[in-house]
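In what follows, a single structure is set out as structure tokens and then discussed.
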Amino acid sequence: MSALPEINRANAQRSTGPKTEAGKWRSSLNALRHGLTGQIVVMPTEDLDCYRSHLKSFTDEYNPKGATEAQLVHSLADTSWRLNRVASLEANLLTLAAARQPDPITGAPDEVQATMAIAAALESQSKALMNLSLHSQRLSRQFERTIAQLRDLQRIRLDIEGRQLSDLIDITQM
């Protein structure tokens, strides 16, 4: 049998985590890098009122009835919010990388300078852009699945409500 579990337990005894309140607070944010995964939907730097308006637009559009429909609409809004963040992160990443490019081409027109800076930014940030692309694809699939679930649920609800209304009309005509 391997001694690895015993070594891991011994290491865990020495690893006690942060001691100060500042260290504990900083440690609590370890999972918060880009806000594309996890439970936090609205990043500390984002406008909460803008998010609430975003959520209201989804609620107004889909007019959910019941807890399940409301949850699906909320999930749609959250996923859409994160998808919008991906586009913003990509733009910010490329803009920052392009702005940091050293050694402009002497005598080249501004358009050439800008094109070269963008190309260099794409090359230097390819790993980060690929990561953002993976998150975007995952979020897009999640959005599509959620909207399909919501539409199916609302279709079933409307069919039931239509049958109940039809039955009520039949009873009143008797």
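The values are calculated or read from the model by the stated rules, or taken from the named source; none is laboratory data. The structure presented is a predicted model; accordingly, all values stated were derived computationally and were not measured. Here the Cβ positions follow ideal geometry from the backbone for every residue, glycine too, while neighbour counts run over all protein chains shown. What goes into the accessible areas is simple: the full protein's heavy atoms, side chains included, and nothing from ligands, DNA or RNA. Shrake-Rupley method; radii C 1.70, N 1.55, O 1.52, S 1.80 Å.
A few remarks follow.
- When Met130 is tested against (1) among the hydrophobic types (A, V, I, L, M, F, W, C); (2) loosely packed, with under 12 Cβ neighbours inside 10 Å; (3) part of a loop (DSSP other than H, G, I, E, B), exactly one condition is not met: (3).
- Just one of (1) farther than 24 Å from Gln39 by Cβ; (2) basic (Lys, Arg); (3) under 13 Å from the mean Cα position of the chain (by Cα) fails for Arg82. It is (1).
- Residue under evaluation Thr95, criteria (1) over 23 Å from Lys127 (Cα atoms); (2) at pLDDT 75 or above; (3) of a type outside the set (A, V, I, L, M), criterion not met: (1)
- Among the criteria (1) open to solvent by less than 90 Å² (accessible area, probe 1.4 Å); (2) under 27 Å from Asp47 (Cα atoms); (3) part of a helix (DSSP H, G or I), the one Ile160 does not fulfil is (2).
- Yes/no for Leu153 being of a type in the set (A, V, I, L, M, F, W, C), more than 20 Å from Ile40 (Cβ to Cβ) and part of a helix (DSSP H, G or I): yes
- If you go through the stretch 149-174 and keep only what is of a type in the set (A, V, I, L, M, F, W, C) and free of Cβ contacts under 8 Å to residues at least 12 places away in the same chain, you end up with Ile156, Leu158, Ile160, Leu165, Leu168, Ile169, Ile171, Met174.
- Residue check for Ile118: free of Cβ contacts under 8 Å to residues at least 24 places away in the same chain, out of contact with any strand residue (DSSP E or B) (no Cβ under 9 Å at 6 or more places or on another chain) and surrounded by fewer than 16 Cβ atoms within 10 Å (Cβ to Cβ): no
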